[in-house]
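Have a look at the structure below before the remarks.
The values are calculated or read from the model by the stated rules, or taken from the named source; none is laboratory data. Not measured: the values here are computed from a predicted model. Using ideal geometry, Cβ is built from the backbone for each residue, glycine included, and neighbour counts are taken over all protein chains shown. What goes into the accessible areas is simple: the full protein's heavy atoms, side chains included, and nothing from ligands, DNA or RNA. Shrake-Rupley method; radii C 1.70, N 1.55, O 1.52, S 1.80 Å.
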Amino acid sequence: LQHFEAPHSFAYLCLISAFAMGIGYTSVGLLKETEKKKIQPREQHFSLFFAKMISLLKTNKMLRYQVFARVLAFGFMFVAPFIILQAKEKFELTGWIVGSFVSMQMVGAMLSDFLWGYLSGKNKNLLVARLSFVLMILSIALSSIAKTPWLYTLIFMGMGAANDGIRLSFQNLILIVAPEKQRPVYVAIQNNISA
C-alpha cells in the first residue's frame, strides 16, 4: 500500500487476494463429498420449516442452549467496530496501520486454526469454545488499556483467533447435538438465528 498510489495499491491488493482465494475455492471444489442417505426431506414452504424450528427449540434443551450460547458468542461484534474508534483517539491511524490490524486479525485466525483443529480432532470442541470466549474477553479487556499500535495488533490477532474458534466449535457442537437425520435442520436453525 505504501509503494503504489491509491487506487492502484488497492487494486493490486484485491488481485493478489482474489488469486489466493481462487486457489482455496478450487481446492474445496475438487473435494468429493459422500452422498448423505439418512436425511429428512426438505419442507416445501418456509412456514413449515419455521413451525418445525419452533417445535425443536421447545423440545430440545441442548439445541436451545447451543443457539443461545452462539448468539452470545457473536456479541463481540457489537464491540469490535468501536475498538478501532478508540485506537483513533490514542494515536494517528494511517491506512497502513488499519490495514495491518485487519491483516493481523486474519493472521490470528489462521495461526489459531492449528490449535483449534488439533483440539477439535481430539473431540474437545467445548474446550475450543471456552478458550475462544476467554480469548475474546481478554482481547476486549486489553483494548480498554491499550495505547500503542502493537497492543492493538495483539488485540486484533486475539479477536481473529477467538472468532475462528467460536465458528469451528459451534459448527462441530451442533453436529454432535443433532440426530443424524436432522443435522441439516439443526445447522439451519443455528445459523439462521445467530445470523
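Net charge within 15 Å of GLY165 by Cβ-Cβ distance, Lys/Arg positive one each and Asp/Glu negative one each, not counting GLY165 itself?
+3
Which order, highest average first, do 140-147, 104-111 follow once you tally other Cβ atoms within 10 Å for each residue and take the mean per peptide?
Numbers: 140-147: 14.0, 104-111: 17.4.
Final packing ranking: 104-111, 140-147.
Angle between the Cα long axis of helix 46-59 and the longest principal axis of the chain, 0 to 90 degrees, nearest 10?
With both axes taken from Cα atoms, the answer is about 90 degrees.
Give the longest segment of the chain that steers clear of chymotrypsin sites (Phe, Trp or Tyr not before Pro) in DSSP loops with at most 16 neighbouring Cβ atoms within 10 Å, not counting the sites themselves.
On the way: sites that count: PHE4, PHE91.
It runs 92-195.
Work out from phi, with θ = phi - 60° and the Karplus expression 6.51 cos²θ - 1.76 cosθ + 1.60, the ³J(HN,Hα) of each residue of the stretch 70-83, listed in order in whole Hz, and give x for Gly and Pro.
Per residue, the Karplus-derived 3J(HN,Hα) values read 5, 4, 4, 4, 8, x, 4, 5, 6, 8, 3, x, 7, 5 Hz.
Where the only charges are on Cβ atoms (+1 Lys, Arg; -1 Asp, Glu), what is the dipole of the stretch 15-124 about its Cα centre, to the nearest 20 debye?
760 debye
Just from the alpha-carbon atoms, what are the Rg and Dmax of the stretch 20-108 in angstroms?
21.3, 57
For MET77, MET136, give the ranking by accessible area with the largest first, probe 1.4 Å.
MET77, MET136
Please give the Cα centre distance for the stretch 168-195 versus the stretch 14-43, rounded to the nearest Å.
18 Å
Send over the per residue convex hull volume for the stretch 51-162, Cα only, as a whole number of Å³.
119 Å³
Quick check: convex hull of the Cα atoms in the stretch 108-195, volume per residue, rounded to a whole Å³?
Details: hull volume 8.0 nm³, N = 88.
Considering the Cα atoms of the stretch 108-195, their hull volume per residue is 91 Å³.
Where does the chain land at 222 nm, in deg cm²/dmol rounded to the nearest 500, when only DSSP H runs of n ≥ 4 count, each adding -39500 (n - 2.57), divided by all residues? Could the numbers behind the result be given before it?
Working: 8 runs with 147 residues, N = 195.
One gets -25500 deg cm²/dmol as the mean residue ellipticity at 222 nm.
Given a 1.4 Å probe and heavy atoms of the protein chains only, how would you sort ASP164, ASP113, largest accessible area at the top?
So the residues, ranked largest to smallest area, are ASP113, ASP164.
Which of the trypsin sites (Lys or Arg not before Pro) across the stretch 10-98 are loop residues per DSSP, with 14 or fewer other Cβ within 10 Å?
On the way: sites: LYS32, LYS36, LYS37, LYS38, ARG42, LYS52, LYS58, LYS61, ARG64, ARG70, LYS88, LYS90; in loops: LYS32, LYS36, LYS37, LYS38, ARG42.
For trypsin sites (Lys or Arg not before Pro) across the stretch 10-98 that sit outside H, G, I, E and B with at most 14 neighbouring Cβ atoms in 10 Å, the list reads LYS32, LYS36, LYS37, LYS38, ARG42.
Quick one: putting +1 on the C-beta of Lys and Arg, -1 on the C-beta of Asp and Glu, what dipole do you get for the chain around its Cα centre, in Debye to the nearest 20? Can you show the working numbers first?
Working: 19 positive and 9 negative charges, 217 e Å.
Computed about the Cα centre, the dipole is about 1040 debye.
How much accessible area does LEU154 have with a 1.4 Å probe, in Å² rounded to the nearest 10?
Surface accessible to solvent at LEU154 totals approximately 100 Å².
How tilted is helix 149-177 with respect to the longest principal axis of the chain? Cα atoms for both, answer in degrees (0 to 90, nearest 10).
Compared with the principal axis, the helix lies near 10 degrees.
Between (i) 1.08; (ii) 0.98; (iii) 1.23, which entry matches Cα Rg over 2.2 N^0.38 Å as derived from the coordinates of this structure?
(iii)
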